[in-house]
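The values are calculated or read from the model by the stated rules, or taken from the named source; none is laboratory data. All of these numbers come straight from a predicted model, not from anything done at the bench. Ideal geometry is used to build each Cβ from the backbone, glycine not excepted, and the neighbour counts take in all protein chains shown.
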Amino acid sequence: MINNFLNIILSFCFFIIIITLMSCTKKYIEYTETSNTSVSLKNNIQPIFDNSCINCHNQQANTFNLKTGYSYKSLLDNNLINIDKPSNSVLLIKINNNHPFEGAVNIYEYGLIKKWIEEGAKDN
Ligand code: HEC
């Protein structure tokens, strides 16, 4: 009887762990070569937002919207980009500060976003 009960509890824990692990898997992003070309919001930056940010930053949430078609205006309207001093951009400071905690951008993605701002943060 006790054994049966333990078995059920253990199976349940196992199940929760598997679900948690599955939900952490990120989609693979195919990065486009950008060393000689300018960084494109549409091709380089938006996929990062789609993969790491829009779960929380969307039209339902009480924050700004990073979904396709809204991200550019949202970033500007909320003063999250500083074109004169790119490294002072709230966007960069925030994501450099381990945000979001569970799934922060990697150094390559951070570099792309920084380069995009340095190039004038165009809606390209
Ligand atoms: C798990 C949910 C979640 C994810 C995923 C997430 N954010 Fe956030 N973000 C928040 C919340 C909640 C706030 C407001 C509270 C705070 O500042 O921490 C916030 C605040 C911010 C701010 C500061 C806004 C301001 O006006 O100060 C920026 C910039 C930001 N997020 C960018 C991003 C970017 C870029 C991504 C993707 C790389 C991302 N966030 C992913 C939940 C999230």
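As an exercise: evaluate residue 90 against (1) out of contact with any helix residue (DSSP H, G or I) (no Cβ under 8 Å at 6 or more places or on another chain); (2) surrounded by 13 or more Cβ atoms within 10 Å (Cβ to Cβ); (3) modelled with pLDDT under 95 and give the number of the one condition it does not meet. Unmet for residue 90, out of (1) out of contact with any helix residue (DSSP H, G or I) (no Cβ under 8 Å at 6 or more places or on another chain); (2) surrounded by 13 or more Cβ atoms within 10 Å (Cβ to Cβ); (3) modelled with pLDDT under 95: (3).
I'd like to check something: does the range 9-28 contain any residue that is modelled with pLDDT of 80 or more and either charged (D, E, K, R) or within 12 Å of the ligand (Cβ to nearest atom) (or both)? No - not one qualifying residue is present in the range 9-28. Cβ-Cβ contacts under 7 Å between residues 6 or more apart (or on different chains), taken from a first residue in the range 74-95 that is under 16 Å from residue 58 (Cα atoms) to a second residue that is of a type in the set (Asp, Glu), are absent. In this structure, residue 122 does satisfy being more than 10 Å from the ligand (Cβ to nearest atom) and touching a residue at least 40 places away in the same chain (Cβ under 8 Å).
Checking 52, 38 one by one, the residue that is buried (at least 17 other Cβ atoms within 10 Å of the Cβ) and not aliphatic (A, V, I, L, M) is 52 and no other. For the range 74-109, the tally of residues that are more than 9 Å from the ligand (Cβ to nearest atom), outside any loop (DSSP other than H, G, I, E, B) and closer than 17 Å to residue 44 by Cα stands at 2.
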